[in-house]
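I have placed the structure first, in the form of structure tokens, so that the comments after it can refer back to it.
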Amino acid sequence: MKVIIAEKPSVAREIAKVFGATTKKDGYMEGKGYTFTWAFGHLLQLAAPQEYGFYGWNVQNLPMLPLKFKLAIRKVKTKDGMVDDPGVRKQLDIIKGLFDEATEIIVATDAGREGELIFRYIYYYLKCKKPFKRLWISSQTDEAIKDGFRNLKPGSDYDTLFNSAHCRSQSDWLVGMNATQALSLSAGTRSVLSLGRVQTPTLAMICARYLENKNFVPEPFYQVSIMVDKDGQVFRALNEEKFKTKEEAQLIIDEVRDTASGVPDGGHILSVEAKPRKEPPPLLHDLSSLQQEANKKKGFTADQTLTLLQNLYESKLVTYPRTGSRYIGDDVFAGVPVLIDKFKDHPEFGKQATALSGAKLSKRSVNAKKVTDHHAILPTGEIPYQLSPDRQAIYDLVAGRMLEAFHQDCIKEITKITVQSGSNFIASGTVISNAGWRAVFNEPDEDKKEEENASLPKVKQGENLPVTDKSLLEKQTKPKPMYNEASLLKALETAGKEIDDEELRYAMKDSGLGTPATRAAIIETLIKRDYILREKKNLLPTATGLAVYDVVKDHRIAQAELTGNWEKRLEEIRSGASVESFQEEIKAYTRDITRELLKAGKGMMIVKT
DNA sequence: GCAAGGTC
């Protein structure tokens, strides 16, 4: 008997379907001489400190450097403390029974570092010795699965991938457990002051932005604008120079040849530029972009969006939610026209779905090379029935984005009129001549400038028009806004570096902080620790958060670059570099940070709020 | 009581 093990039930079911195996058993399926079972993500984790003899929280134990890490069943919190998750224990028993009967195991966990770790931890925990082969696919279509089974790889091909995964796991344990105890013990508060490779740089970003915003000194500046009249249609034109003093701006005002100063046609049209601009449709959603959109449009937290999306996924209404890819492969794209047709009767999108039906679809989101473990989020085409309003809202964001992503470009007519009246003034206006993808949600363009005119009259170069008004604008420089969940999620993708270009940001995905699946949990952890709080939409540090930031801000543990460096080393391990030298560096770093925090925490000021 | 990673 061959046993196939997947990372999660949905994938096992997909594979079983391709084989034509339909017999459902408790915790697995079977048919055609194969058995299909699954994990639920990580069933096993590195054992807690007490499993190595480090009892209690005690300075004497630090740094805790286990000689050999142990594995333990995933825990759940109950009123009696942490206990083995009963569901996990049961599934492990089922897997053990199947492995015992197996002649061969086929590893079908997700094609990536963590997928490898999920299987290997099970395999080693169960002390299994059976031979195993690896299924390596990046799409779960029938064709991709069949293809993958024709090309099974030797299990040992992925030994170095496992090594890098295991190193990642141990390193996070060593640095996180030791730093957390060191700081908590030395600060002398009885509360937990947790630190970690991901959560601490995240906290640092929130605190740094908060302080920058709070300490920002606004500087006043002055600009001049005029109102110009074309046959009764009045538009605003702005002098683009920013002046530090009122007096300088006043000189510009004084030169304006407006009607009040006795000049009937004092606005000379120097030039009129009108050019169309194409705005391509947005990419399909991955989890992070959907969380950002849902936060902006509906005010949902990252955690709420993930929960709602998981619900929709379990109801088979949307594809796998925790994806980091905004693309689909050609195989999935082939099914998109049918999918679009399913929305012809949708109350909000019906018209757009009908318009798209049979039309040429944009292929911007189609790129098999950019599909990683999972493709972008799509509706499955199943018809939803009586969704709660929140679930419906998320479902509509997914469905609407699909229609947008395959729609035509939005064509904008951008007009720029330069008016001379003493100095030069510029009027700009954007008119959408063909809405394209923007017709789906039909919402105003968010990055429109304040001074932009809704529409501009037709004027000709060389014309002289009356200037009906002139005004001095008093403005102030503004600080960067505090982080909210949307802007924080975006910043985590690029580890705090500010990159606006969508494609460029996408290229940095692998060097971001955390993963799509964990970012919501990171935010919740910081809130649970009383490091940050939600105030309206913003995420603000608490006194405790700021105190922790103050202690760690100059240490590597607070810097996103730590993850970048680890990732570089882990990638080298994956391609065969020595595991030992990295492990020694991590141990040395653990000793350093523990020693420093034991000292630094003593001077820490925790103001209890 | 603690990390980050995955998922019901």
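Results, tabulated for the structure shown:
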quantity	calculated
Relative contact order of chain A, pairs being alpha-carbon contacts under 8 Å that are 6 or more residues apart, as %	19 percent
Rounded to 5, the percent of DSSP beta bridges in segment A:2-151 classed as antiparallel	50 percent
Percent RCO, i.e. relative contact order, over segment A:527-570, from Cα pairs under 8 Å lying at least 6 residues apart	22 percent
For segment A:458-475, Karplus couplings with θ = phi - 60° (6.51, -1.76, 1.60), whole Hz, Gly/Pro x	6, 10, 10, 4, x, 5, 10, 10, x, 9, 8, 7, 9, 9, 8, 9, 9, 10
Proximal charge balance of A:T245 [Cβ under 15 Å; K/R count +1, D/E count -1]	-2
Under-5 Å amide H pairs with A:I532, H placed in peptide plane, nonlocal only	A:I527, A:T542
Of the trypsin sites (Lys or Arg not before Pro) in segment A:262-328, those whose Cβ has at most 15 other Cβ within 10 Å and which sit in DSSP loop	A:K316
Heavy-atom accessible area per residue - chain A, 1.4 Å, Å²	49 Å²
Segment A:287-405: relative contact order in percent, alpha carbon pairs under 8 Å with at least 6 residues between	35 percent
Distant-in-sequence amide H partners of A:W136 (H built 1.01 Å from N, under 5 Å)	A:K153
Leading residue at positive end of dipole, chain A (Cβ point charges), from A:A359, A:L193, A:Q461	A:L193
Amide H contacts of A:K230 (H built 1.01 Å from N, under 5 Å, at least 5 apart or other chain)	A:F235
Karplus-derived HN-Hα couplings along segment A:542-554 (A = 6.51, B = -1.76, C = 1.60, θ = phi - 60°), whole Hz, x at Gly and Pro	8, 4, 4, x, 5, 5, 5, 4, 4, 6, 9, 4, 9
Positive minus negative residues near A:L540 (Lys, Arg vs Asp, Glu; Cβ under 15 Å)	+3
Alpha carbon centroid spacing (whole Å) that separates segment A:543-578 from segment A:257-318	34 Å
A:D159 versus A:D80: modelled label distance in nm, points set 7 Å from Cα along the beta carbon direction	4.3 nm
Across A:K70/A:K553; A:K75/A:K490; A:K416/A:K458; A:K25/A:K75; A:K344/A:K370, pairs whose alpha-carbon gap is larger than 22 Å	A:K70/A:K553; A:K75/A:K490; A:K25/A:K75; A:K344/A:K370
Of A:I106, A:Q223, A:A577, farthest towards positive along the dipole that unit charges on Lys, Arg, Asp, Glu beta carbons give chain A	A:I106
Separation between Cα centres of segment A:152-200 and segment A:392-447, rounded to whole Å	45 Å
Among A:L513, A:I394, A:Y52 the positive-end extreme of the charge dipole of chain A (Cβ point charges)	A:Y52
Cleavage-rule hits (trypsin sites (Lys or Arg not before Pro)) in segment A:75-157: DSSP loop, at most 11 neighbouring Cβ within 10 angstrom	A:K79, A:K127, A:K129
Total charge dipole magnitude, segment A:2-151, about the Cα centre, Cβ charges on Lys, Arg, Asp, Glu only, Debye to nearest 20	200 debye
Cα-centred dipole magnitude for segment A:316-401, charges only on beta-carbon of K, R (+1) and D, E (-1), debye, nearest 20	340 debye
³J(HN,Hα), Karplus 6.51/-1.76/1.60, whole Hz, each residue of segment A:32-38, x for Gly, Pro	6, x, 10, 10, 10, 10, 7
Point-charge dipole on Cβ atoms (K/R +1, D/E -1) for segment A:110-149, about Cα centre, debye to 20	460 debye
Percent carbon-and-sulfur accessible area, chain A, ignoring ligands, DNA and RNA, probe 1.4 Å	51 percent
Selection of trypsin sites (Lys or Arg not before Pro), segment A:356-401, meeting DSSP coil and at most 16 other Cβ within 10 Å	A:K360, A:K363
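The values are calculated or read from the model by the stated rules, or taken from the named source; none is laboratory data. On a predicted model such as this, the values are computed, not experimentally measured, just so you know. Cβ: placed from backbone, ideal geometry, glycine included. Neighbour counts: every protein chain shown. Surface accessibility is based on the protein's heavy atoms, side chains included, excluding ligands, DNA and RNA. Shrake-Rupley method; radii C 1.70, N 1.55, O 1.52, S 1.80 Å.
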